[in-house]
Amino acid sequence: MKKLIDKLEKETVLSKDEYKYLIENFTPELSEYLFEKSREVRHKYYGHDIYIRGLIEFTNFCKNDCLYCGIRCSNRNVQRYRLTEEDILSCCKNGHELGFRTFVLQGGEDPYFTCERMTGLIQKIKHSFPECALTLSVGEKSTEEYQAYFDAGADRYLLRHETANDCHYRMIHPESMSPENRKRCLYDLKRIGFQTGCGFMVGSPFQTAENLAEDMLFIKELQPQMVGIGPFIPQHDTPFADKKSGTLELTLFMLGLLRLTLPNVLLPSTTALGTIHPKGRELGILAGANVVMPNLSPVAVRNKYLLYDNKICTGDEAAECKNCMQLRMRSIGYNVVVSRGDYKEKCTTEENHNEI
Ligand code: SAM
Ligand code: FES
């Protein structure tokens, strides 16, 4: 199996059967072998820098009904909220003072945020913080709407493809959603010029090793600048309440494979990973990730954006989250830096010494 890892390192892609074989048969020893290589590649592009993104969960209203998601529209036990423009700008201001240079606006697909409201908001944020990057994560929109967001100044867009396998996609989404549209959105976003992120949950219900291998090939074809993955974690008010969480070991192994498949990709070590294991985010970095996304949302709404059970950091102020993250990263020899943290096209050994 080490030979397959060596081949992936050299050729940056494997066949579907080879990925599947690794995913089905990996051992702790093989994982260590993979992580040594994935860290080496990560250091080649990004040194020991950790890019930090300020996550603003600005609305938990959603018109969709994804079967795995705690804020799906048919969950009547969610107290719904949406932040005002002033709230959002004040989160950005707070984040900016703390050293954040990327803001991520994430929310459900909330019809209140029309194209006009979104573009107005994007322009205000970019006008107030011109040196900062703005990432959006607000779901599936029309080509025209994505173009309008881009023209208004948004830099990046995160839209996990969730699963590249169409049958699997239909098993975890309502009939109103289609894998074709999800993929159409991703290709639109790339063509328009966004730094684009796709991704998937590890261990989502009905997922097979073959599905994960298909995810790797889809990602290789799309060539996104970012890939967001984290373990699936059940939420008690969803149809998947009784399903098992994805495992730490498989999530880390997938992070390692992703780093070798897309050497310069921006790869977050996610909150979900930190939720299933106390050192999950540190281990994610040691498996090849290079981005963390602490929360900047006001504490008053933190416990209402609950996609899954036992989410961490729901009671902390932004400053506490940032400090905690900085200490965690230092403890494993990495530095959280003040930077927009853009995707690097080319390999550079230069590190950013502007630690937060
Ligand atoms: N509405 C936007 C979208 O669809 O891209 C952004 C918000 S959505 C809640 C963000 C991501 O959360 C999803 O892409 C999904 O992968 C993840 N997610 C939702 N429910 C989850 C769960 N139970 N466990 C882990 N991740 C989950
Ligand atoms: Fe819309 Fe989860 S169902 S954000």
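The values are calculated or read from the model by the stated rules, or taken from the named source; none is laboratory data. For clarity, every value in this text was computed on a predicted model and none was experimentally measured. FYI the Cβ positions are ideal-geometry reconstructions off the backbone, even for glycines, and counts take in every protein chain you see.
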What are the pairs with Cβ atoms under 8 angstrom where one residue, in the range 307-321, is over 14 Å from residue 55 (Cα atoms) and the other, located anywhere, is charged (D, E, K, R)? Sequence gap at least six, or different chains. 315/302
I'd like to know if the range 125-137 contains one or more residues that are of a type in the set (Ser, Thr, Tyr), within 16 Å of ligand 1 (Cβ to nearest atom), touching a residue at least 12 places away in the same chain (Cβ under 8 Å) and part of a helix (DSSP H, G or I). no
Just to verify a result, which residue in the range 193-242, among those that are charged (D, E, K, R) and away from ligand 2 (no atom under 16 Å from the Cβ), is farthest from residue 146 (Cα to Cα)? 242
Unique residue being among the small types (Gly, Ala, Ser), at positive phi and either buried (at least 19 other Cβ atoms within 10 Å of the Cβ) or at pLDDT 95 or above (or both) when the list is 95, 54, 70, 47: 47
Note on the range 98-117: residues more than 13 Å from ligand 1 (Cβ to nearest atom), of a type in the set (A, V, I, L, M, F, W, C) and crowded, with 17+ Cβ neighbours inside 10 Å are 98, 100, 103
Any hit, the range 220-236, residues being among the small types (Gly, Ala, Ser) and free of Cβ contacts under 8 Å to residues at least 24 places away in the same chain: no
Could you tell me whether the range 320-332 includes any residue that is touching a Pro at 6+ places or on another chain (Cβ under 7 Å) and basic (Lys, Arg)? yes
Looking at 64, 25, can you tell me which residue is more than 22 Å from residue 150 (Cα to Cα), out of contact with any helix residue (DSSP H, G or I) (no Cβ under 6 Å at 6 or more places or on another chain) and either within 14 Å of ligand 2 (Cβ to nearest atom) or touching a residue at least 60 places away in the same chain (Cβ under 8 Å) (or both)? 64
So, of the residues in the range 107-122 that are under 22 Å from residue 295 (Cα atoms) and touching a helix residue (DSSP H, G or I) at 6+ places or on another chain (Cβ under 8 Å), which turns out to be nearest to ligand 2 (Cβ to nearest atom)? 113
Just to be sure, is residue 89 more than 13 Å from ligand 2 (Cβ to nearest atom), over 28 Å from residue 207 (Cα atoms) and under 23 Å from the mean Cα position of the chain (by Cα)? yes
Which residue pairs have Cβ atoms under 7 Å apart, sit 6 or more places apart or on different chains, and have a first residue in the range 69-93 that is away from ligand 1 (no atom under 16 Å from the Cβ) and a second that is of a type in the set (A, V, I, L, M, F, W, C)? 85/121; 89/125; 91/56; 91/296; 92/103; 92/125; 92/129
When the range 243-291 is examined, which residues are found to be under 24 Å from residue 20 (Cβ atoms) and free of Cβ contacts under 8 Å to residues at least 12 places away in the same chain? none
